[in-house]
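K.L.:
I'd like to ask some things about the structure below.
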Amino acid sequence: MTERRPRWLLLAFWIVIGVLTVPVGGQDLPTAKPEDVGVSSAKVEELSRFMQSLVDDGKIAGGVTMMARHGKVVQLKAVGMADREEKKPMRTDAIFRIASMTKPITSLAIMMLWEQGKLGLDDAVSKYIPEFK
């Protein structure tokens, strides 16, 4: 039986992927209509409604989403507030601080296991976590 992940977790994953793939140096990406690059306008709208619902339900103060395909942006939208106290609206060029130390600690642990010969860097994740098969 497969466990269903919360929708916000999947969305967060795609947001991070989007942030990591945005060109540096302030380069602007070309835009396109969703259908011109094989994306459903209905799904783009669903993403917008979902993000707005997170703000409306008080789960997040605000957020920025970007959907792109084939190097073309089909949606870039800010919702909610960047600062609730000062009533500053979220902007699409907002900078988010990521305070999690999970990645550096996990990376260090992986490298320690690799040094000890207990883990191969080319090993499939499913070798250690069968659920990823």
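K.L.:
Which one is most open to solvent (accessible area, probe 1.4 Å) among residues in the stretch 110-133 that are of a type in the set (A, V, I, L, M, F, W, C) and in a helix (DSSP H, G or I)? Walk me through it before giving the result.
P.N.:
Kept after step one, since they are of a type in the set (A, V, I, L, M, F, W, C), are these residues of the stretch 110-133: 110-114, 119, 121, 124-125, 129, 132.
Retained after the next criterion (residues that are in a helix (DSSP H, G or I)): 110-114, 125, 132.
Working: I110: 61, M111: 81, M112: 93, L113: 66, W114: 118, V125: 81, F132: 134 Å².
The extreme case among them is F132.
K.L.:
Can you find, within the stretch 89-133, the residue that is modelled with the lowest pLDDT among those that are over 30 Å from G63 (Cβ atoms) and among the basic types (K, R)?
P.N.:
Only one residue fits best here, namely K133.
K.L.:
Residue under question is L29, and the condition is that it be modelled with pLDDT under 90 and in a loop (DSSP other than H, G, I, E, B); does it hold? Spell out the reasoning first.
P.N.:
Working: modelled with pLDDT under 90: yes; in a loop (DSSP other than H, G, I, E, B): yes.
Considered against the rule, which asks whether it is modelled with pLDDT under 90 and in a loop (DSSP other than H, G, I, E, B), L29 comes out as yes.
K.L.:
Within the stretch 76-95, how many residues turn out to be of a type in the set (K, R), in a loop (DSSP other than H, G, I, E, B) and within 18 Å of the chain's Cα centre (by Cα)?
P.N.:
Within the stretch 76-95, the first condition is being of a type in the set (K, R), and the residues that meet it are 77, 84, 87-88, 91.
Among the residues that remain, those that are also in a loop (DSSP other than H, G, I, E, B) are: 84, 87, 91.
Filter once more, keeping what is within 18 Å of the chain's Cα centre (by Cα): 91.
Going through the stretch 76-95 one residue at a time, the tally reaches 1.
K.L.:
Is there a residue in the stretch 97-109 that is closer than 19 Å to V64 by Cβ and open to solvent by 100 Å² or more (accessible area, probe 1.4 Å)? Before you say what the answer is, go through the steps one by one.
P.N.:
Here is the first cut: in the stretch 97-109, the residues closer than 19 Å to V64 by Cβ are 97-100.
Then keep just the ones that are open to solvent by 100 Å² or more (accessible area, probe 1.4 Å); that gives 97-98.
Yes; the residues of the stretch 97-109 include at least one that is closer than 19 Å to V64 by Cβ and open to solvent by 100 Å² or more (accessible area, probe 1.4 Å).
K.L.:
Hey, can you tell me all the residues within the stretch 48-74 that are outside any strand (DSSP E or B), within 15 Å of T92 (Cα to Cα) and open to solvent by less than 50 Å² (accessible area, probe 1.4 Å)?
P.N.:
First, pick out the residues of the stretch 48-74 that are outside any strand (DSSP E or B): 48-61, 70-71.
This time we only want the ones that are within 15 Å of T92 (Cα to Cα), so: 48, 51-52, 61.
S48, M51, A61 - these are the residues of the stretch 48-74 that are outside any strand (DSSP E or B), within 15 Å of T92 (Cα to Cα) and open to solvent by less than 50 Å² (accessible area, probe 1.4 Å).
K.L.:
Limited to the stretch 75-95, what total is found for residues that are touching a residue at least 24 places away in the same chain (Cβ under 8 Å), open to solvent by less than 60 Å² (accessible area, probe 1.4 Å) and within 24 Å of G38 (Cα to Cα)?
P.N.:
Count: 1.
K.L.:
Can you name the condition, by its number, that V39 falls short on among (1) assigned to a loop (DSSP other than H, G, I, E, B); (2) surrounded by fewer than 15 Cβ atoms within 10 Å (Cβ to Cβ)?
P.N.:
With (1) assigned to a loop (DSSP other than H, G, I, E, B); (2) surrounded by fewer than 15 Cβ atoms within 10 Å (Cβ to Cβ) applied to V39, the lone miss is (2).
The values are calculated or read from the model by the stated rules, or taken from the named source; none is laboratory data. This structure is a prediction, so every number in the text was calculated from the model and none was measured. Cβ sites come from the backbone with ideal geometry, for glycine too, and all protein chains shown count toward neighbours. In case anyone asks, the SASA skips ligands and DNA or RNA and just uses the protein heavy atoms, side chains included. Shrake-Rupley method; radii C 1.70, N 1.55, O 1.52, S 1.80 Å.
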